[in-house]
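Working notes, beginning with the structure itself.
The values are calculated or read from the model by the stated rules, or taken from the named source; none is laboratory data. Since the model is a prediction, treat every value here as computed from it, not as a measurement. Glycine also receives a Cβ, built like all others from the backbone with ideal geometry; neighbour counts cover every protein chain displayed. Accessible surface areas use protein heavy atoms only, side chains included; no ligands, DNA or RNA. Shrake-Rupley method; radii C 1.70, N 1.55, O 1.52, S 1.80 Å.
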Amino acid sequence: MPVMLETRALRSAYGRIEVLHGIDLVVREGETVALVGANGAGKTTLMRALAGVQPVCGGEAWFRGRALARVPAWRRVGLGLAHVPEGRQIFCDLTVEDNLRLGAWATDRTHVAEGLAEAYQMFPVLGEKRRLPAGGLSGGQQQMLALARALMARPVCLLLDEPSMGLAPALIDEIFDVIAGLARRGLTVVLVEQNAAVALSVADRAYVLENGVITLEGAASDLVKDDRVRAAYLGI
Ligand code: ATP
C-alpha cells in the first residue's frame, strides 16, 4: 500500500527541552498504527506535531507525499488529516450540533448535512442531544462528539489521541468498536492509547516510544508476544 503519512528524524521541543529526538514513522494507506509508551514518552507531542499544532525543530513530515512543514493545522484538516486531541477539547458552551459543524469548517462544506446524518447514525445519543450544550454530555459522550467532529472533515487519516481516557470499560468497548468499523471501511488511523492491550488488539502495526525515541516497531501481533512489551506495557 502507498505511504500515507511519514516522518523522518522529526524533532520537537518545549522551549529548550527537546522531547522528540528524531522520529521515523511510516503509516500506509488503510493501516491502523498504534503508538505505545509510558506517560511522558512523547506520544501526544508527536500527534500534535503531525496535526500541526506543535512546532517541530528538526526533521521532516509528509502527508500523501506532500511536505507538511509549511502547512498550517487547519489546512492539514482540509487535506484529509484530522486530529482528535487528548482531552477531547470540545466547545462546552456550544450545542452538540454546532461542535459537529465546526469539524467541517476547514473543508468543503457541501457535505455538512450528510455528515451530521452519519454522525447521528453512528452515535444516536448525539442526535438526541444535538440542541443541548456539549458541556452537559458525559465523558463518554464527549469522546464520541470529539470523534464525530473530526469525521465531519471527511478525513482519510485520523490522529486519535487517548480515546479511552477516563471512560468506563463498556464505553471503551463501544468507542473501539466504532474505531474498528472505521478502519474496516478503509480509514487510516494513528492511535495513541495508554491501554496497550486495547491498542495492540485493534492495530495492524505499532511503534513503542520511550523518552522521545522509537525503541521498537512491528506488527501488533508480534509485539503482543514480545517479552519486553509484555513486561513493560501489558503487565505480563
Ligand atoms: P501522556 O500519556 O502522559 O500524555 P505522552 O507520551 O503523550 O504522555 P507527552 O505529553 O508528549 O507524552 O510529553 C512528552 C514530554 O514533554 C514529557 O516529558 C512532558 O513532561 C513534556 N511536556 C508535555 N507538554 C509540555 C508542555 N506544554 N510544556 C513543557 N513540557 C511538556
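Condition check: within 27 Å of residue 166 (Cβ to Cβ), part of a strand (DSSP E or B) and within 15 Å of the ligand (Cβ to nearest atom). Does residue 83 satisfy that? Against the criterion (within 27 Å of residue 166 (Cβ to Cβ), part of a strand (DSSP E or B) and within 15 Å of the ligand (Cβ to nearest atom)), residue 83 qualifies. When you scan the range 209-226, do you find a residue that is surrounded by 16 or more Cβ atoms within 10 Å (Cβ to Cβ) and of a type in the set (Lys, Arg), even just one? No: the range 209-226 contains no residue that is surrounded by 16 or more Cβ atoms within 10 Å (Cβ to Cβ) and of a type in the set (Lys, Arg).
All of 212, 218, 186, 181 fail the test of being more than 16 Å from the chain's Cα centre (by Cα) and away from the ligand (no atom under 15 Å from the Cβ), apart from 218. The residues on offer are 5, 25, 50, and the sole one that is closer than 16 Å to residue 208 by Cβ, within 19 Å of the chain's Cα centre (by Cα) and not hydroxyl-bearing (Ser, Thr, Tyr) is 25. For the structure I just gave you, tell me whether residue 95 is polar (S, T, N, Q), over 26 Å from residue 194 (Cα atoms) and at pLDDT 95 or above. Spelling it out, residue 95 is indeed polar (S, T, N, Q), over 26 Å from residue 194 (Cα atoms) and at pLDDT 95 or above.
Mind telling me which of the residues 133, 85 ends up being surrounded by fewer than 17 Cβ atoms within 10 Å (Cβ to Cβ) and in contact with an Asp or Glu (Cβ under 7 Å, 6 or more places away or on another chain)? Step through it out loud before you land on a result.
Numbers: 85 fails: surrounded by fewer than 17 Cβ atoms within 10 Å (Cβ to Cβ).
Residue meeting the stated conditions: 133.
In a residue-by-residue description of the range 164-178, the property of being of a type outside the set (Asp, Glu), touching a residue at least 60 places away in the same chain (Cβ under 8 Å) and crowded, with 18+ Cβ neighbours inside 10 Å applies to no position.
Restricting the range 191-208 to residues that are in a helix (DSSP H, G or I) and either modelled with pLDDT of 95 or more or under 21 Å from residue 51 (Cβ atoms) (or both), the residue that is least open to solvent (accessible area, probe 1.4 Å) is 199. Screening residue 103 on (1) under 30 Å from residue 212 (Cβ atoms); (2) within 17 Å of the chain's Cα centre (by Cα) shows it passes everything except condition (1). Inside the range 22-40, residues that are open to solvent by 20 Å² or more (accessible area, probe 1.4 Å) and within 11 Å of the ligand (Cβ to nearest atom) make up a count of 3.
Can you pull out the residues in the range 41-57 that are of a type outside the set (A, V, I, L, M, F, W, C) and either within 10 Å of the ligand (Cβ to nearest atom) or surrounded by 15 or more Cβ atoms within 10 Å (Cβ to Cβ) (or both)? Passing the criteria: 42, 43, 44, 45, 48, 52, 54.
Among the residues of the range 38-71, what is the count of those that are touching an Asp or Glu at 6+ places or on another chain (Cβ under 6 Å) and not β-branched (Val, Ile, Thr)?
Looking only at the range 38-71, we keep the residues that are touching an Asp or Glu at 6+ places or on another chain (Cβ under 6 Å), and these are 41, 44, 47, 62.
Next, from what is left, pick out any that are not β-branched (Val, Ile, Thr): 41, 47, 62.
Matching residues across the range 38-71 total 3.
Return yes when residue 7 is open to solvent by less than 70 Å² (accessible area, probe 1.4 Å), outside any strand (DSSP E or B) and of a type in the set (Ser, Thr, Tyr) and no when it is not.
No; evaluated as a whole, the condition is false for this residue.
Close Cβ contacts (under 9 Å, 6 or more residues apart or on different chains) running from residues in the range 209-236 that are in contact (Cβ under 8 Å) with a residue 60 or more places away in the chain and under 19 Å from residue 195 (Cβ atoms) to residues that are open to solvent by less than 50 Å² (accessible area, probe 1.4 Å) and among the polar types (S, T, N, Q) comprise 220/32.
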